[in-house]
Amino acid sequence: MATGFLVTLSIVAFTSSLAYAYDPSPLQDFCVAVNDPKHAVFMNGRVCKDPKLATADDFFTSGLDAIGTAAFPELSMSVNVADVNRIPGMNTLGLTVVRTELGPGGLIPPHTHPRSCEFILVVRGTVYSGFVAVDPRNLGKTRLFEKTLKAGDVFVIPQGLIHFTHNVGAGNATLFTAFNSQNAGFITLANELFGSDPAVSEDVLSKAFRIDKESVQHIQAKFSSVG
Ligand SMILES: *[C@@H]1O[C@H](CO)[C@@H](O)[C@H](O)[C@H]1NC(C)=O
């Protein structure tokens, strides 16, 4: 009995912490964010503007047709982000959209969004995109789901799974990605593991990746300027 109760309790604890990981449903039509630290009441980390003072401009932006700023210059990748920081009316709506521009050979390196699924629409060029998922019947083994995408093609990445997108065409590639979170999170595996400060121990990395410590140092050196 006691064991059954503990198991139930841990299942409840586990599932309720998962529930908290989702963006909350808005309890009102909108909550236009105000960047005013003097206010005391926060919603999703933001202060809401008085709804009577909200205007169409709170829900508007322009310039998403531009390339944006270099995110990983060495990987030929630029992003133009439309989120709550740019469109205050997106606060609490559980939505982010990013325009990404990849140069020839450009790469969005393997990463995850812990709080969001991703919808990828290619509008120009040709990319190779994929995600990996654990095989539930064979823990420790993963399956790769991959697609070569051209203009008009859509690929969907399930929440939290490791994925990547590589420009395999001759010219630039342009993608629009939509996230069902106001703050999807962006964890790039190579940077997080090999570029952290302080560094993850060589022992841990060499065992995890089944490589010698010299190889760990070699990779770490390439990420040491990050941060
Ligand atoms: C191609 O993509 C790269 C990387 O985002 C960008 O720096 C460059 O300006 C783009 N070139 C064109 C012609 O769009």
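The values are calculated or read from the model by the stated rules, or taken from the named source; none is laboratory data. Remember, it's a predicted structure, so these values are computed and weren't measured experimentally. Here the Cβ is made from the backbone with ideal geometry for all residues, glycine too, and neighbour counts use every protein chain on show.
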Which ones in segment 53-94 are of a type in the set (Gly, Ala, Ser), away from the ligand (no atom under 15 Å from the Cβ) and in the same structural domain as residue 116 (by TED's automatic domain parsing)? 82, 89, 94
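For residue 115, state whether it is closer than 20 Å to residue 170 by Cα and within 15 Å of the chain's Cα centre (by Cα).
On the way: closer than 20 Å to residue 170 by Cα: no; within 15 Å of the chain's Cα centre (by Cα): yes.
Against the criterion (closer than 20 Å to residue 170 by Cα and within 15 Å of the chain's Cα centre (by Cα)), residue 115 does not qualify.
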What's the total number of residues in segment 190-217 that are crowded, with 16+ Cβ neighbours inside 10 Å and among the aromatic types (Phe, Trp, Tyr)? 1
Here is a list: 182, 220. Which entry is of a type outside the set (A, V, I, L, M, F, W, C), in contact with a Phe, Trp or Tyr (Cβ under 6 Å, 6 or more places away or on another chain) and either surrounded by 12 or more Cβ atoms within 10 Å (Cβ to Cβ) or more than 30 Å from residue 90 (Cβ to Cβ) (or both)? 220
Can you confirm whether segment 95-110 contains a residue that is over 30 Å from residue 30 (Cβ atoms), away from the ligand (no atom under 16 Å from the Cβ) and surrounded by fewer than 20 Cβ atoms within 10 Å (Cβ to Cβ)? yes
Segment 158-178 residues that are closer than 15 Å to residue 115 by Cβ and in the same structural domain as residue 118 (by TED's automatic domain parsing), paired with ones that are assigned to a strand (DSSP E or B) and within 12 Å of the ligand (Cβ to nearest atom) (beta carbon under 7 Å, 6 or more apart): 177/100
Filter segment 44-79 for residues that are over 18 Å from residue 187 (Cα atoms), modelled with pLDDT of 90 or more and not small (Gly, Ala, Ser) and give the result. 52, 53, 55, 57, 58, 59, 60, 61, 64, 65, 67, 69
Given the residues 155, 176, 145, which is the only one that is within 16 Å of the ligand (Cβ to nearest atom) and either modelled with pLDDT under 95 or in contact with a strand residue (DSSP E or B) (Cβ under 9 Å, 6 or more places away or on another chain) (or both)? 176
